[in-house]
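Handing you a structure now.
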Amino acid sequence: MPIKIDKKTGRITLKTRRTMYVMEMKYGKYPVHLYYGKLSPKADAEYKCPLYSFAPYYEEYGWEYFPDVVMSEYPFFGSGDFRASAMKLRHLGNGNDTTLFTFRSARKFRGRKALPGLPFAEADRHTETLELTLNDDVTGCLLKLYYTVFKDCDVISRYFILENKGDCAVRLEKTMMLALDIPKGDYDLLTFTGGHCCERSLQRTPVMRGNQSIFSRRGASSHHFNPFMMIADRKATEERGNAYGFNLVYSGSFLNEIETDQTGTTRVLTGLGSECFNWLLEPGESFTSPEAVMSFSSDGIGQVSRNMHRFVRNHILPPEPFENRPVVLNSWEAFYFNIDAKLMTEFAAEAAKCGMDTVVMDDGWFGKRVNDHAGLGDWYENPDRFPEGLKKFAEEVKAQGVKFGIWIEPEMVNPDSDLFRAHPEWCIRAPGRELMVSRSQLVLDMANGEVVEYLKRSFKKVFDGVPIDYFKWDMNRHMCEVGSPALPPERQGEVAYRYMLGVYELFRWFNEQYPNAMIENCSGGGGRYDLGMMKYSSQIWTSDNTGPVRRTYIQHGSSFGYPAAVMSCHVSNHHDACEDPRMREFLFRVALNGPLGYEFNIFKVSDDAKEAFKKQVAEFRRCEKLIMTGDLYRLLDPNKCGKYCYYFASENSKEILLTFAQNFDDPRRTVHKLKISKALQNAVYTDLLSGKEYSGEELRRGIEIESSEQGNYAMTLHLVRK
Ligand code: GLA
């Protein structure tokens with residue numbers, strides 16, 4: 001049983017395969033946190049309140065319970081806990097923001113409830129959920145905290161429902177879904193930093209006394225930070241030490257706070273924060289928060305990554321519409337906006353000859369979209385470019401023997417478009433403020449249901465009957481001057497959040513309307529690389545930077561929180577890759593880290609290059625399953641040595657795929673001894689690429705891989721057990 005509620009002691013225990021989480025209802029009132037760590041009998045943690053004199057306490061309980069220093073399950077603002085809070089609620093009758101809910105009841109149930117309008121993790125047959133109900137007599141609100149246990153991947157998720165049962169309106173002013181107090185220790189914080197073209201660069205810094213945060217105020221989870229983060233023992237490595245991972249199943253602005261207090265306890269909070277979100281709750285209304293997730297491992301950082309990978313694959317990603325992931329040839333880096341029916345059909349014919357099975361027509365096919373200044377919002381094919389219509393064109397593309405994919409950017413509008421001219425009030429805007437543009441575009445007000453319905457109608461009109469297998473869904477600017485003409489003044493704090501609900505609604509509509517098509521997500525590359533988007537999109541365009549050197553850093557970083565199965569990796573035209581065999585090889589080996597694709601002008605490459613691409617696709621197909629579902633082990637960190645090395649192992653170690661990629665010239669030719677600890681001791685493995693044999697013992701002890709004198713070098717071992 002994953003969840004045990006002991007009514008007598010007020011203690012509640014949650015168990016996953018290898019972890020345990022314990023809380024207690026102190027005095028039958030206050031949910032205190034006791035333990036989160038490995039599953040072990042020694043984990044029978046007891047309530048302790050560090051003696052402290054300069055803090056408020058309830059006379060009734062004396063110095064046994066100081067809210068400011070106890071480990072709390074879910075801390076409230078203004079009630080004696082001076083650390084960062086998970087919730088601040090303002091009573092709009094008396095104006096006061098003191099927030100306190102106390103325990104009322106606990107129950108558990110099989111599976112989980114759906115989160116209306118939001119993406120959430122799917123249950124399996126082992127999933128159980130704990131519901132803690134808390135209430136507040138002053139506001140009359142009920143707070144239900146949910147803990148869902150995903151046993152298979154050592155993940156516990158958290159979200160809440162707030163119901164206003166009182167007779168006066170309240171406003172949610174700070175909203176965090178997950179709070180975890182971690183006992184005193186020396187910790188590091190691992191986060192993603194970055195920007196456009198350099199997403200998810202891993203940063204590891206010491207956790208200090210005080211408050212640290214990562215966040216987005218951009219209306220998107222962003223290239224700049226990402227909601228995924230880890231807290232790990234200062235000495236934790238890939239294989240050793242305690243590590244905790246956190247993430248949000250949400251794609252908009254967020255706040256993650258890490259705060260270490262006077263006693264050394266580190267509080268982790270993840271949620272919507274207070275700057276970009278508040279919510280009015282009238283009597284009788286309720287609010288359901290998005291979901292947040294956490295995972296723990298005592299076997300190092302690598303295991304937390306693998307837990308998260310498994311969680312995404314088993315509980316987040318949509319069903320696969322195809323047996324294999326499409327190997328795409330995308331038109332963007334080949335032609336940018338200069339496309340038409342004839343060119344794209346010929347492009348498809350060439351793609352098919354090289355073994356690529358899908359052609360994606362990127363930007364430039366609709367409205368007056370011949371550059372990025374016009375046309376967004378006008379979802380009808382450009383008649384000059386597609387004189388016989390989209391349907392006929394798509395059928396011709398498919399007649400070349402490939403699947404057909406198409407680019408869309410539903411959430412945006414160019415001021416130079418029919419849509420904006422007809423509905424200037426349909427974009428996000430603040431009263432009296434000038435509108436700023438970004439890439440010449442404005443953000444549509446997806447918080448307005450009319451806009452979402454209009455988009456459904458226009459896409460239905462243009463796509464009905466067109467045999468589309470693949471959508472590339474882009475989103476190319478961030479939100480400022482946030483306001484919605486469709487919402488009343490008292491609900492303007494809800495705009496960015498309601499925007500996301502509108503976006504999710506449209507994603508669900510696409511998934512339902514086109515069940516046989518898959519969605520590749522994109523936001524100027526990997527600007528919405530998050531669990532919310534992964535719920536509806538099978539893969540995400542990792543970065544607009546397709547240069548292989550930078551990609552090793554981006555892919556290495558991404559692997560900390562997200563599985564290879566979502567990471568679109570394209571071989572592109574950079575550095576004359578197509579004609580230089582060495583570069584071609586380097587690009588391909590670097591790209592062999594997720595669903596494969598290509599992005600260049602195939603008309604300009606030689607027959608030799610085409611032959612090479614055909615072989616690459618065939619090789620990818622041989623190891624695709626392992627990349628999509630295998631367990632990932634990182635061996636070398638490019639941030640430390642300029643070399644990225646990792647391997648995937650199938651569940652029973654029958655198959656192992658190791659990649660070593662080196663970014664720079666190494667005149668000294670360094671030798672790396674790389675231990676493949678997942679290899680089976682007594683087995684013999686054959687490398688499918690060289691035919692060479694290795695004993696399991698030898699692989700476990702470490703094989704030597706020598707760097708190359710020249711940079712831009714990568715090699716792969718595809719080991720199969722005999
Ligand atoms: C974004 C995407 C690119 C491409 C262009 C099209 O920048 O990241 O891959 O689709 O938009 O305008």
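The values are calculated or read from the model by the stated rules, or taken from the named source; none is laboratory data. Only a predicted model underlies this, so the values are computations on that prediction, with no experimental measurement involved. Note that we place each Cβ from the backbone using ideal geometry, even for glycine, and neighbour counts take in every protein chain shown. Side chains included, ligands, DNA and RNA excluded: accessible areas come from the protein's heavy atoms. Shrake-Rupley method; radii C 1.70, N 1.55, O 1.52, S 1.80 Å.
Which order, highest average first, do 64-72, 488-496 follow once you tally other Cβ atoms within 10 Å for each residue and take the mean per peptide?
The peptides rank, most packed first, as 64-72, 488-496.
Once you list every other residue whose beta carbon is under 10 Å from the beta carbon of residue 661, what net charge do they have if Lys and Arg are +1 and Asp and Glu are -1? Spell out each step's value before the answer.
Working: positive: 551, 589, 643; negative: none.
Every neighbour counted, the sum reads +3.
Another question, if that's okay. Would you kindly calculate the mean projected area, averaged across all directions, of the convex hull enclosing the Cα atoms of region 11-91, in square nanometres? Each step should come with its number before you reach the end.
Details: hull surface 25.9 nm².
Spelled out: convex hull of the Cα atoms, projected over all directions, averaged, 6.5 nm².
Rolling a 1.4 Å sphere over the protein heavy atoms, what is the accessible area per residue of the chain, to the nearest Å²? Present the calculation step by step, with values, prior to reporting the outcome.
Working: 26970 Å² over 722 residues.
On a per-residue basis, the chain sits at 37 Å².
Another question, if that's okay. How would you classify region 342-432 from its alpha-carbon gyration tensor, with a ≥ b ≥ c the square roots of the eigenvalues: rounded for a/c under 1.5, else prolate if a/b is greater than b/c, otherwise oblate? Can you show the working numbers first?
On the way: a/c = 3.38, a/b = 2.48, b/c = 1.36.
Prolate, because a/c is 1.5 or more and a/b exceeds b/c.
Can you give me the relative contact order of region 3-316 as a percent, contacts being Cα pairs under 8 Å and 6 or more apart? Walk me through the numbers before you get to the answer.
Values: 844 pairs, mean separation 53.3, N = 314.
Reported relative contact order: 17 percent.
Could you rank the peptides 122-135, 652-665 by their average count of other C-beta atoms within 10 Å per residue, with the highest value first? Don't jump to the answer; show the numbers that get you there.
On the way: 122-135: 17.9, 652-665: 20.6.
In descending order of packing, they fall as 652-665, 122-135.
Give 48/151; 692/722; 4/38 a once-over and call out the pairs whose C-alpha atoms are over 22 Å from each other. Before the final figure, lay out each step's value.
Values: 48/151 28 Å; 692/722 12 Å; 4/38 17 Å.
Where the Cα-Cα span goes over 22 Å, the pairs concerned are 48/151.
Grab the DSSP H runs of the chain that are 4 residues or longer, score each as -39,500 (n - 2.57), total them, divide by all residues and round the 222 nm result to the nearest 500 deg cm²/dmol. Please list the in-between numbers first.
Numbers: 13 runs with 136 residues, N = 722.
Roughly -5500 deg cm²/dmol at 222 nm, from the helical runs in the chain.
Measure off 7 Å from each Cα along the Cα-to-Cβ vector at residue 706 and residue 681, then give the distance between these two points in nanometres to one decimal.
3.2 nm
Take each uninterrupted DSSP H stretch in the chain, measure its Cα extent along the helix axis, and return the ones at 27 Å or beyond whose mean Kyte-Doolittle hydropathy is at least 0.5. Write down the numbers at each step before the final one.
Working: long enough: 607-629 (33 Å, -0.80).
None pass (Cα extent of 27 Å or more, hydropathy at least 0.5).
Here are some pairs, 235/643; 403/461; 615/654; 8/29; which of them have Cα atoms lying more than 18 Å apart in this structure? Intermediate values should be presented prior to the final figure.
Values: 235/643 22 Å; 403/461 21 Å; 615/654 24 Å; 8/29 14 Å.
The answer is 235/643; 403/461; 615/654.
Sticking with this structure for a sec: Of all accessible surface on the chain at a 1.4 Å probe, what whole percent is carbon and sulfur? Kindly include the intermediate steps, with their values, before the conclusion.
Numbers: 13280 of 26970 Å².
It is 49 percent, rounded to a whole number.
Between region 393-409 and region 651-722, how far is it from one alpha carbon centroid to the other, in angstrom?
Going from one Cα centre to the other spans 39 Å.
From Cα pairs below 8 angstrom and at least 6 apart in sequence, can you work out the relative contact order of the chain, rounded to a whole percent?
Values: 1819 pairs, mean separation 71.3, N = 722.
It comes to 10 percent, rounded to a whole number.
On a full-extension model of 0.36 nm per residue, what is the gain between residue 211 and residue 622, subtracting their alpha-carbon distance, rounded to one decimal in nm? Don't skip to the answer; put the middle values down first.
On the way: separation 411, 0.36 × 411 = 147.96 nm, distance 4.79 nm.
Extra length from residue 211 to residue 622 when fully extended: 143.2 nm.
A further question follows. Give the span of the chain's Cα atoms along each principal axis, as three whole-Å numbers ordered largest to smallest.
Result for the chain: principal-axis Cα extents of 84, 70, 43 Å.
On a straight-distance basis, which aspartates and glutamates could pair with residue 675 in a cross-link, Cα separation under 13 angstrom, same-chain partners fewer than 8 positions away excluded?
Result set, ordered by chain and number: 238, 239, 697, 698, 704.
Once the Cα gyration tensor of region 3-316 is found, what semi-axes does its equivalent ellipsoid get, as square roots of 5 times the eigenvalues, in whole Å, sorted largest first? Let's see the in-between values first.
Details: eigenvalues 150, 107, 87 Å².
Over the Cα atoms of region 3-316, the semi-axes work out to 27, 23, 21 Å.
Rule-of-thumb check for region 633-721: C-alpha Rg over 2.2 N^0.38 Å? Don't jump to the answer; show the numbers that get you there.
On the way: Rg = 13.0 Å, N = 89, 2.2 N^0.38 = 12.1 Å.
Normalised by 2.2 N^0.38 Å, the Cα Rg of region 633-721 equals 1.07.
For residue 174, give me every one of the lysines with a C-alpha distance below 17 angstrom, ignoring sequence neighbours fewer than eight places off in its own chain.
88, 144
Continuing with the same structure: Can you list which of the GluC sites (Glu not before Pro) found in region 364-405 are DSSP loop residues with at most 11 other C-beta atoms within 10 Å?
none
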